[in-house]
Amino acid sequence: MAAYLTNEKIEEIFKEHGGSEKNTGSTEGQIALFTYRIKSLSEHLQTNKKDHSSRKALLTLVGKRRRLLNYLSKKDINKYRDLIEKLGIRR
């Protein structure tokens with residue numbers, strides 16, 4: 001599914017946001033990965049406006065990220081605020 005992401009890029013994202021490259025289950029790391037994929041899909045849809053399967057995938061990712069952000073805000077509001085500031089997610 002994420003064929004455009006190399007293992008090195010995934011490890012870099014998790015190392016920066018999740019603590020270590022092997023900590024793929026961290027909420028912060030998953031949100032950062034979804035954000036990267038959302039940005040990539042958004043750029044793709046700017047040029048390919050009729051690609052409806054990618055549009056559905058984008059909406060699915062946005063929903064998953066939203067649920068994880070809601071979970072993080074309930075669990076630890078300070079981590080939530082730091083993460084949305086670092087990733088540039090507006091809310």
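Observations, loosely collected:
- Filter result (modelled with pLDDT of 90 or more, among the small types (Gly, Ala, Ser) and in contact with a helix residue (DSSP H, G or I) (Cβ under 8 Å, 6 or more places away or on another chain)) within segment 13-48: Ser26, Gly29, Ala32, Ser42
- Qualifying residue in segment 8-17 (condition: basic (Lys, Arg) and more than 22 Å from Gly88 (Cβ to Cβ)): no
- Scan segment 13-35 for residues that are of a type outside the set (S, T, N, Q) and either surrounded by fewer than 16 Cβ atoms within 10 Å (Cβ to Cβ) or without any contact (Cβ under 8 Å) to a residue 12 or more places away in the chain (or both) and the total you get is 6.
- Selection from segment 3-59 of residues that are part of a helix (DSSP H, G or I), more than 19 Å from Leu87 (Cα to Cα) and either under 12 Å from the mean Cα position of the chain (by Cα) or small (Gly, Ala, Ser) (or both): Ser53, Ser54, Ala57
The values are calculated or read from the model by the stated rules, or taken from the named source; none is laboratory data. If you're wondering where the values come from, they're calculated on a predicted model, not measured in any experiment. Reconstructed Cβ throughout: ideal geometry from the backbone, glycine too, with neighbour counts over all protein chains shown.
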